[in-house]
Amino acid sequence: MIRRMQVVSIAVLAVAATVHLVVPGDPNAQDLLRALEGPSLAHPFGFDHLGRDVFLRIIHGAPRSLGLSAVCVVFAYSSGIALGMIAAYRGGLVEAVLMRFVDLLLAFPGILLALLLAGFLGGGAGPILFGISLGLMPQFARLSRATAGQVLAEPHVEAAEMAGFRTTAILRRHVLPPVIRSTLPIGVLSIGGAILSV
């Protein structure tokens, strides 16, 4: 299931990154006489209210939309997993502080957080992408913390700790793979929400 999702995601990203090089045409070219014209074989999605080819606009906009959303999801995914695993491994006060921070982020919708950061930091793509990433991060942090907590309680992990394995080795070999398996489907699905937010 996860491998199929990865293959489909990579295929969509590859097509989006290359198809605009193959399909000719200017996405901003206007033909007001064809405004709101319906779909045809030559123009599968028809024309918008300004007479622009909707199919060309989607093709030329896909690399930027998918690229920006992929950056947001990758940042949110990696930072969320790191926070969740650290919280589950350390427990106690560290876990309480980290998870309260995650709960605080949950209080703000992702798009609102992005707009607030853009307003405070002077606008631009960077603050907006950072805000969207912060809005996506809590779901990964909470799920990875729950998964890591279950894995850390298993006998083979306790045996590795008693055998003297380093913390980084235990987290990398025993905890990280199950965490990735449980969070990757949500990561792939989050790309759509990130596209809408962007």
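The values are calculated or read from the model by the stated rules, or taken from the named source; none is laboratory data. Owing to the predicted nature of the structure, the values given are computational and were not obtained by experimental measurement. Note that we place each Cβ from the backbone using ideal geometry, even for glycine, and neighbour counts take in every protein chain shown. Areas reflect the complete protein model, heavy atoms only, side chains present, ligands, DNA and RNA absent. Shrake-Rupley method; radii C 1.70, N 1.55, O 1.52, S 1.80 Å.
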Taking region 33-59 and keeping residues charged (D, E, K, R) and part of a loop (DSSP other than H, G, I, E, B) leaves E37, D48, R52
task: Within region 112-121, identify whether any single residue is open to solvent by 30 Å² or more (accessible area, probe 1.4 Å), more than 17 Å from S197 (Cβ to Cβ), out of contact with any helix residue (DSSP H, G or I) (no Cβ under 6 Å at 6 or more places or on another chain) and not in a loop (DSSP other than H, G, I, E, B), and answer yes or no.
output: yes
Filter region 11-32 for residues that are open to solvent by 100 Å² or more (accessible area, probe 1.4 Å) and in a helix (DSSP H, G or I); the one that is nearest to H49 (Cα to Cα) is L32
The residue from V97, V102 that alone is in a helix (DSSP H, G or I), open to solvent by 40 Å² or more (accessible area, probe 1.4 Å) and hydrophobic (A, V, I, L, M, F, W, C) is V97
Over region 33-81, the set of residues open to solvent by 50 Å² or more (accessible area, probe 1.4 Å) and within 26 Å of the chain's Cα centre (by Cα) is F55, R57, I58, H60, R64, L68, V71, V74, F75, S78
If we keep only residues of region 163-185 that are among the charged types (D, E, K, R) and part of a helix (DSSP H, G or I), then the residue farthest from the chain's Cα centre (by Cα) is R173
